[in-house]
Amino acid sequence: MKTPVTIITGYLGAGKTTLLRRIIADTKMRMAVVMNEFGRVDVDGRVVEGRNIRMVELLGGCVCCSLSGEFDAAIAELLEKAKPEWIVLETTGVAEPAALVHDIAGNVPGVRLDAIVTVVDADATVRFPRLGHTGREQIELADVIILNKTDLVTAGDLADVHAAVRGLNRRAVVLEAEECAVDTRVLFGMERKGSAPPHQAHDIAFEHFDYAADAPLGHGKFLQFLEALPRGIYRGKGFVVTEKGSFLVNYVAGRSSMEEFPCEKTELVFIGKRALAQKEAIRGALDSMKRI
């Protein structure tokens with residue numbers, strides 16, 4: 001019997017890891033997780049680790065193209081050593097799921113694709129309604145669509161997001177959520193039928209860079225820094241240590257949040273279409289906050 005695989009996809013900052021944390025907290029299955037990070041800082045893996053789940057992390061590239069061989073090897077290792085009842089793959093926000101559909105069907109023995117679950121950021125969709133090819137494909141191929149962050153939009157705007165999603169995909173189950181709070185049981189056992197259109201290699205338009213510091217940063221200055229991040233940075237995430245403690249940081253298109261989280265030093269990744277042009281200025285600003 002083949003082991004079912006559920007793919008969690010969605011654009012940068014939509015809430016994929018938040019959903020994965022809920023799945024892991026709820027599951028009673030023997031589950032394995034494959035996590036794909038765009039940058040070199042292992043953020044998402046550390047957020048969900050330590051929950052009796054076997055996990056493999058693929059860092060520094062996109063699982064649908066540059067890391068496809070590593071993905072196949074990771075699945076083979078999990079099947080041999082962990083013998084999971086279910087495998088969940090969380091992709092990067094720039095991954096196109098068509099390649100994974102074909103890869104699982106043709107190159108990875110012992111598994112079958114059960115469902116593609118796409119997390120859609122309702123707030124970002126309202127503020128940036130023009131979807132690129134990757135965003136459209138993530139919605140078009142979904143079996144389940146979670147409209148996340150509904151608390152950040154008006155009822156009228158949410159109706160527009162619904163209409164836009166349904167214009168791309170009429171067959172998927174659509175769920176509304178705040179912080180991906182859904183009944184995770186409905187995401188499993190979909191037994192997806194059909195294939196996907198041929199995947200063509202794509203250039204990743206986003207750039208990224210990392211930042212690390214051992215010394216704590218000034219808390220107030222860091223909050224001001226988040227509010228003033230330039231438009232070239234769409235996504236930021238990681239860990240920060242300040243004089244007030246240590247925190248998990250999330251930044252998406254002008255909105256940011258921090259929650260208490262154990263970490264020993266500051267490690268951040270910044271992603272955007274013009275991220276590298278901002279690298280030196282951002283690193284300099286962060287260095288100036290160090291409390292030595």
- Query: Considering only A177, H208, S257, whose Cα is most displaced toward the positive end of the charge dipole of region 156-292, charges sitting on Cβ of Lys, Arg (+1) and Asp, Glu (-1)?
  - Reply: H208
- Message: Over 24 Å apart: what share of the alpha carbon pairs of region 81-184 falls there, rounded to a whole percent?
- Response: 27
- Give, as a single signed number, the net charge of other residues whose beta carbon lies under 14 Å from the beta carbon of V111, with Lys and Arg counted +1 and Asp and Glu -1. -3
- Net +/- balance of residues flanking L175 in space, Cβ distance below 15 Å, scoring K and R +1, D and E -1: -2
- Among the listed pairs K221/K244; K221/K279; K16/K149; K2/K28, which are separated by more than 22 Å between their Cα atoms? none
- For region 93-204, what % of the accessible area comes from carbon and sulfur atoms, probe 1.4 Å? 52
- A correct Karplus calculation of ³J(HN,Hα) over region 176-187, with 6.51 cos²θ - 1.76 cosθ + 1.60, θ = phi - 60°, whole Hz and x for Gly and Pro, returns 9, 7, 10, 6, 6, 7, 10, 6, 5, 5, 6, 7
- Spin-label pair D287/R166, simplified geometry with 7 Å Cα→Cβ offset, distance in nm: 5.4
- Would you mind calculating the relative contact order of region 219-292 from Cα pairs under 8 angstrom and at least 6 residues apart, reporting the percent as a whole number? 32
- Query: For region 87-209, what is the charge dipole size about the Cα centre, in debye to the nearest 20, if Lys and Arg each add +1 at the Cβ and Asp and Glu each add -1 at the Cβ?
  - Reply: 480
- Query: So how long is each side of region 204-247 along the principal axes, counting just the alpha-carbon atoms, biggest first, in Å?
  - Reply: 36, 20, 13
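The values are calculated or read from the model by the stated rules, or taken from the named source; none is laboratory data. Just so we're clear, the structure is a prediction, and the values are computed from it rather than from any experiment. Neighbour counts run over all protein chains shown; Cβ positions are idealised from the backbone, glycine included. Keep in mind that these areas ignore ligands, DNA and RNA; they rest on the heavy atoms of the full protein, side chains included. Shrake-Rupley method; radii C 1.70, N 1.55, O 1.52, S 1.80 Å.
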